[in-house]
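Worksheet: one structure, shown below.
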Amino acid sequence: MPNALAVHGLRKRYGAVEALRGVDLEVGEGQLVGLLGPNGAGKSTLVKILVGLVRASDGAAEVAGTRAGSRAARASLGYLAELFRFPGWYTADEVLDLHQRLAGSTGGAAERRRLLELVVLDEASERRVDGMSKGMQQRLGIAQALVGEPRVLLLDEPTSALDPVGRRIVRELLEGLRDRGTSVLLNSHLLSEVELVCDHVAILRGGEVVAAGAPHDLAKPRGIELETDEGTRLVEGAIRDDAPRLVAEAVAAGRQVFGVRVLTSTLEDVYLEVVGGETT
C-alpha cells in the first residue's frame, strides 16, 4: 500500500521567490507527523499543494498514491484550514450534514452523531455556530474533517483556540485515529503538543526540510542531574549509560543519593537550534 502522503523534490516558485526548494516528506499508514517552521518557511504552500489549491513548479506530491489535487486524492483527504468559517446560523448537526453532501458521504445521522460524540459535542448538536465558543467551533471543524472517514487528515493548527482540556481531548482523538490506521499531517506552532502526540516531525526553514525524525531521535543529551545530601549538581556530557557509575561513585564517597535524572533537549530546543530566532 502506498504512503498516505508522499512528497518528493517538491518545488514552488512565485516569480523570483522560491517558496519550496526540493522538499521530501512522507506520512506512512497510521502515522502522525508534525509539520513545524517559522513564518515564510513554506508550510502553507506545502499544505495548499497537498489539498490541490496550488500547483507545484516541480517535483511530485501524492495523496494515497494519487496525484495531489486529483479527484481521487481529494476523496481520500480530510482537511481543517487554520482560518475556517461556518455559517453562524447553522447548528452543529447542519454543518456536518452540509459537509456530508459536499463529500458525498452516505453516513447520514448516525455518522453525524458519532463524529459529534468523538469531539465531545454530542450535547451541542442543535446549538448554532454563533452561540459556540471558539474551542467548540474548533472541535466542530475537526469533526467535519472526519466526514466520510478519510484515509488522510491534514490539520492546520487544530488546537490553536483550545484550552488545556480541549487540547487533551484533541490529542486523545488523534491518538485514537492513528490507532485505527488514519494518517495525520499536523501543522502546529504548539511544540509541546507536537512532541506529545507525533511519531515524526519535519521542520521547514526557507522552503527546505532542515530537520526530520522522531522527536526522541532529534533530542540530544544534556547531561545527568544527581541529587545528593550535598545538593543537586549537573554532570555535563554524561549520558544514560553513565548513570549507574555516577551513583556508585557518589555512594562510595559517602554521599546519600536521593535522585538521578537523565536530561535531554526538548523539541523546542531542537527547533530553536535549527531555525534560530525566526518566529512561527
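The values are calculated or read from the model by the stated rules, or taken from the named source; none is laboratory data. All figures in this text were calculated on a predicted structure; none of them were measured in a lab. We place every Cβ from the backbone using ideal geometry, glycine too, and count neighbours over all the protein chains shown.
Hand me the list of strands (runs of 3 or more DSSP E) wholly inside the range 162-236 holding 1 or more residues that are of a type outside the set (D, E) and more than 30 Å from E249 (Cβ to Cβ). Filter on the range 162-236 gives 183-187, 200-205, 208-213. Of all the listed residues (R167, R151, R101), the sole one being of a type in the set (K, R), at pLDDT 90 or above, over 24 Å from G28 (Cβ atoms) and in the same structural domain as G42 (by TED's automatic domain parsing) is R101. R168 passes every criterion in (1) within 20 Å of A92 (Cβ to Cβ); (2) without any contact (Cβ under 8 Å) to a residue 12 or more places away in the chain; (3) of a type outside the set (V, I, T) apart from (1). Checking each residue in the range 153-170 for being aliphatic (A, V, I, L, M) and in contact with a Phe, Trp or Tyr (Cβ under 9 Å, 6 or more places away or on another chain) picks out L153, L154, L155. The set of residues from the range 65-95 being surrounded by 14 or more Cβ atoms within 10 Å (Cβ to Cβ) and within 19 Å of N187 (Cβ to Cβ) comprises A68, G69, A73, R74, S76, L77, G78, Y79, L80, A81, E82, F84.
Condition check ((1) surrounded by fewer than 21 Cβ atoms within 10 Å (Cβ to Cβ); (2) under 20 Å from P158 (Cβ atoms); (3) out of contact with any Phe, Trp or Tyr (no Cβ under 9 Å at 6 or more places or on another chain)) across all residues:
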| position | (1), (2), (3) |
| --- | --- |
| G104 | yes, no, yes |
| A110 | yes, no, yes |
| R114 | yes, yes, yes |
| D122 | yes, yes, yes |
| G135 | yes, yes, yes |
| G141 | no, yes, no |
| L146 | no, yes, yes |
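In the range 1-54, the residue that is modelled with the lowest pLDDT out of those that are within 24 Å of G176 (Cβ to Cβ) and either in a helix (DSSP H, G or I) or over 21 Å from the mean Cα position of the chain (by Cα) (or both) is M1.
Rundown of residues vs (1) among the basic types (K, R); (2) touching a residue at least 12 places away in the same chain (Cβ under 8 Å); (3) farther than 23 Å from Y271 by Cβ, yes/no style:
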residue: A4; (1), (2), (3): no, yes, yes
residue: R21; (1), (2), (3): yes, yes, no
residue: G34; (1), (2), (3): no, yes, no
residue: S57; (1), (2), (3): no, yes, yes
residue: V63; (1), (2), (3): no, yes, yes
residue: G69; (1), (2), (3): no, yes, yes
residue: S76; (1), (2), (3): no, yes, yes
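If you take the residues in the range 108-147 that are under 20 Å from the mean Cα position of the chain (by Cα) and among the basic types (K, R), which one is nearest to L177 (Cα to Cα)? Top of the filtered list is R139.
Looking at the range 108-117, can you tell me whether even one residue there is among the basic types (K, R) and at pLDDT below 90?
No, the conditions are met nowhere in the range 108-117.
Has the range 231-247 got any residue that is in the same structural domain as L80 (by TED's automatic domain parsing) and free of Cβ contacts under 8 Å to residues at least 60 places away in the same chain? No. For L204, are the conditions met, namely being among the hydrophobic types (A, V, I, L, M, F, W, C), out of contact with any strand residue (DSSP E or B) (no Cβ under 6 Å at 6 or more places or on another chain), modelled with pLDDT under 85 and buried (at least 19 other Cβ atoms within 10 Å of the Cβ)? When the stated conditions are applied, L204 does not pass them.
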